[in-house]
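Structure record follows, encoded as C-alpha cells.
The values are calculated or read from the model by the stated rules, or taken from the named source; none is laboratory data. Please read all numbers here as calculations on a predicted model, not as lab measurements. Please note: Cβ atoms are built from the backbone with ideal geometry, for glycine as well, and neighbour counts cover all protein chains shown.
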Amino acid sequence: MHPDDQRLRPLLLLFPARSGSTLLMQLLGTSPKVVFDRVAPFEHRYLAFLVRWSWQLADGGLRRSDWTVEQLMNEPATAGNFIEPPPFAVPAGFGTARPDPMWHDTFRCAWREFCARARRAEISSPALDPAPIWYAEKSRAMFRYALQDVGIEPHVVYLLRDPRDILMSIWSFNRKRGTSFFSVVEGESDEAFARRFIEERKLRLRMILEMAPDDPHATVVRYEDMATDLPGVAARLSDRLGVQLDAQQVLTNQKEFSHHMSSAGPEASIQRWRREMSPEIQQLFADIIGTEMQALGYAV
Amino acid sequence: MVRVSSPPSSLVPVVVVTTGLRGTVRPVMDLLLRMGELTSEWCPLTDRRSLSYLTRHAKVLAGVTVENATWNHELIFYPPIAGERDTRRIAGFPGPGEHVGNLFEGQVLWQRMLHANWAFYCKRVPRRRTDRFYIEPAKPWLPIVLSEAELPHRTLWIARDPRSELAENWTAGARRGALPRIVNCIDSPLTLAERECNRFVRARLDQWARVETTPDTICIRYEDLLDQTGDVWQRLRTWLGLAAAPVPRAPATGDEWPATRWRQLLPDAVLELYRTKMRAELVALGYAP
C-alpha cells in the first residue's frame, strides 16, 4: 500500500462552545471507520498538536525573550521540555522563503506516521475497522487553513446552534459548576459579556452563510436537529461521509453524559432563551446579528 | 532499531563539541569551514544551530505526557491571544502520549521525524554539489541524542586547557564591561575556578581523555589546532575521508588570544588549585600542570 493511502482524512468539527460538539463526537464514535480517542469529552487533539509542532519551523516569530541560543544549547534534548521557534535567524534550510517550506514536508510526514501508528494502536476503539477512513477532531478554522496549506483537504462539519441558546447554556454551565469558562470575565456585567459574545458570533454566522451550498468538503449540522432528530442527522452524515453512524447507540448512552449537559435534556435546551433571557439582551441579539440569524432560519 | 536511513542526498552531520566558549568555537569553525565538502548555516553573527534545534524539536514527540498550568489542551486549541498564548511554545502532547510517541515497526516517532526532518533540511539548505558534510558547533548532549536516534554523524571533540578557557572567559567579560555568563557578582577568579574544578572541568577532562579516534569520533586539542595547524588539518581530512589539500594559515582567534596567555593572567592561587585538584587529568591530555 502506498504510504499516502494509509493516511486518514481529517474530519474537523468547527463549533462554538456549548453547541453539541460532544454529542456529535459521540455519534461519530459509533462508526469504527472514524478514528479518535473515545475518551469523553473527546478532546485529545493529536492533529492540532502536530500542526503546531510543525509550525515551529514555519517562520520564526512569536518567541519569548527568554528563549535564547544559550537555552537551546544548554538544555539537553529531553522530551517534555518546551520548544519555541528557532532563537536565531531562520535557517535557509527551513525554506520559509520557498513555495515548499520545510514545515509542509514535516507535517505531511508526521501526519502519515501518526495515521499509521493510530491504526496500529487502535486509538479509536477495540473494534476499529481494519480500514478506517476518517480522523475526527474538535477543531478551529485555523487548522483547516493549515491543512489546506500543506495540500490536505479536510472535511469540515460546522455546528450551528441558535446563539441565544448558546449564551443561556454558557451561563447555566458556569452557574452549575461555579466556574467562569468560555471567556467569561469575572466582574463583567451580563450585558457587557452578551454584547461581546454577540459580536464574536457575527463573523461565524457569516462564514456559514457564505459557504457554498454544494461544497463537497463541508457540512452544516444544526444542534436543533441533533436534539430533536438524531437518527435523521445520523442518516444524513452517514451518507455524506460514507460511514454507518448509529444514533440509537448514542441515545442509549445519554445518561452517561448528563454531567456535560446544562439543561434537563437536548429537547429542553432548545429555545431556552424564550423562557430565561431578559428582553434587553434579546434586543441586543436582534440589533447586532438579527439579519444573519434570520437568514439561517432563526426567528428574531 | 530505526530502519529509516537518510537518503543519499543527505549531508552527514559533523558535530563539533566544545564548552561553548566563543573564543574556542570561532577558530575551530574557521579552520573547518575551509576544508571544502562541508557546509554549515552557523556563522559567528547568526549563531544558527539548525541540527541542535531540529533535534530538540523532534524530542518533543518522545511520548511523554505533559499537562500543567502552562501547557495543556487549551494552549494547543486556541490561537495566540494573550500571555502564554502569544508565543508558539510547545512541549510534549498534553494527554496520552503513546500515540504520538509509540513504537511502530520498531521506530519511535521522534527518531523517525528527526531522520525525516534532517532529510527535508538537507534538501533545502544552500550547498555545493560536492558538499558531503554539515558542520555545527554543539554541546555534548547532541551526539548522544543523535546516536540514540541512529542518525549517522561524526563527532569532533575539542579539548582545551581549562585554565586557558577560565582566563579567556574572565577577561572577555571584563573587556565588555560585564561578567561572563558563568560568573556571579561575588566571584573572584579563585572562587570561579574552584566551582569549575568541582563541578564541570574534571568530568569534561575525563570525557576528552576517553575519546578514542574512530571512524566516527575524534578528539583534537585546541592548542594543537592553533600551533600545529598543518598536522591537525591532515588528521581531520584523513578522518573525514577528504583528499589532501594545501594547509591554510592558522585560524584567527578573533581577539589575538595566544594559547598560553593564561599563565600571565591567572593568579598563583588559581594555578595551584588546578595543580592540586586535577594534575592527573591535565597530564593525561598533555597539558603541563
Restricting attention to helices (runs of 4 or more DSSP H) lying wholly within segment B:98-151, give those where 2 or more residues are more than 7 Å from chain A (Cβ to nearest Cβ).
B:109-124, B:141-148
Among residues of segment A:94-114, those that are in contact with an Asp or Glu (Cβ under 6 Å, 6 or more places away or on another chain) and either facing chain B (nearest Cβ under 7 Å) or under 22 Å from residue B:145 (Cβ atoms) (or both), counted:
0
Subset of segment A:30-54 [closer than 21 Å to residue A:246 by Cα, crowded, with 24+ Cβ neighbours inside 10 Å and among the aliphatic types (A, V, I, L, M)]
A:34, A:35
As an exercise: evaluate residue B:38 against (1) touching a Ser or Thr at 6+ places or on another chain (Cβ under 8 Å); (2) more than 9 Å from chain A (Cβ to nearest Cβ); (3) not acidic (Asp, Glu) and give the number of the one condition it does not meet.
(1)
Just a yes or no: is a residue in segment B:67-87 touching a residue at least 24 places away in the same chain (Cβ under 8 Å) and buried (at least 17 other Cβ atoms within 10 Å of the Cβ)?
no
So, of the residues in segment A:44-74 that are without any contact (Cβ under 8 Å) to a residue 24 or more places away in the chain and charged (D, E, K, R), which turns out to be farthest from the other protein chains (Cβ to nearest Cβ)?
A:66
Within segment B:171-191, is even one residue modelled with pLDDT under 95, in contact with a Phe, Trp or Tyr (Cβ under 7 Å, 6 or more places away or on another chain) and in a helix (DSSP H, G or I)?
yes
Matching residues in segment B:208-231 - criterion: being β-branched (Val, Ile, Thr) and in a loop (DSSP other than H, G, I, E, B):
B:211, B:213, B:214
Taking segment A:174-194 and the residues there that are buried (at least 17 other Cβ atoms within 10 Å of the Cβ) and at pLDDT 85 or above, the one that is nearest to residue A:290 (Cα to Cα) would be A:194
If I filter segment A:280-293 for residues that are surrounded by 13 or more Cβ atoms within 10 Å (Cβ to Cβ) and at pLDDT below 90, do I get at least one hit?
no
So the check is Cβ under 7 Å with 6+ separation or different chains; which pairs have a first residue in segment B:233-246 that's β-branched (Val, Ile, Thr) and a second one that's assigned to a loop (DSSP other than H, G, I, E, B)?
none
Can you tell which of A:121, A:127, A:131 is surrounded by fewer than 21 Cβ atoms within 10 Å (Cβ to Cβ), within 14 Å of chain B (Cβ to nearest Cβ), modelled with pLDDT under 90 and over 29 Å from residue A:300 (Cα atoms)?
A:121
Answer yes or no: is there a residue in segment A:62-72 that is at pLDDT below 85, under 18 Å from residue B:62 (Cβ atoms) and of a type in the set (Gly, Ala, Ser).
no
Count, please, the residues in segment B:47-70 that happen to be outside any loop (DSSP other than H, G, I, E, B) and at the interface with chain A (Cβ under 7 Å from one of its Cβ atoms).
7
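Conditions (1) touching a Pro at 6+ places or on another chain (Cβ under 6 Å); (2) surrounded by 14 or more Cβ atoms within 10 Å (Cβ to Cβ); (3) within 15 Å of residue B:28 (Cβ to Cβ), marked per residue:
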residue	(1), (2), (3)
B:208	no, yes, yes
B:224	no, yes, yes
B:227	no, yes, yes
B:245	no, no, no
B:251	yes, yes, yes
B:264	no, no, no
Working only within segment A:279-300, note down all residues that are more than 18 Å from residue A:209 (Cα to Cα) and in contact with a helix residue (DSSP H, G or I) (Cβ under 8 Å, 6 or more places away or on another chain).
A:280, A:281, A:282, A:284
Going by what's in this entry, would residue B:136 be described as farther than 22 Å from residue A:91 by Cα and charged (D, E, K, R)?
no
Between B:44, B:94, which is closer than 19 Å to residue A:137 by Cβ and either facing chain A (nearest Cβ under 7 Å) or assigned to a loop (DSSP other than H, G, I, E, B) (or both)?
B:94
Step by step: first the residues of segment A:23-43, then only those that are within 9 Å of another protein chain (Cβ to nearest Cβ) and touching a helix residue (DSSP H, G or I) at 6+ places or on another chain (Cβ under 8 Å), then the one that is farthest from residue A:224 (Cα to Cα). Which residue is that?
A:37
Filter segment A:134-157 down to the residues that are in contact with a helix residue (DSSP H, G or I) (Cβ under 6 Å, 6 or more places away or on another chain) and either assigned to a loop (DSSP other than H, G, I, E, B) or without any contact (Cβ under 8 Å) to a residue 60 or more places away in the chain (or both), then identify the one that is surrounded by the most Cβ atoms within 10 Å (Cβ to Cβ).
A:154
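Here is a yes/no grid of residues against (1) of a type in the set (Phe, Trp, Tyr); (2) closer than 22 Å to residue B:163 by Cβ; (3) modelled with pLDDT under 85:
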position: B:235; (1), (2), (3): no, no, no
position: B:243; (1), (2), (3): no, no, no
position: B:251; (1), (2), (3): no, yes, yes
position: B:257; (1), (2), (3): yes, yes, yes
position: B:261; (1), (2), (3): no, yes, yes
position: B:267; (1), (2), (3): no, yes, yes
position: B:271; (1), (2), (3): no, yes, no
position: B:288; (1), (2), (3): no, yes, yes
Of the residues in segment A:260-279 that are of a type in the set (Ser, Thr, Tyr) and outside any helix (DSSP H, G or I), the one that is modelled with the highest pLDDT is A:278
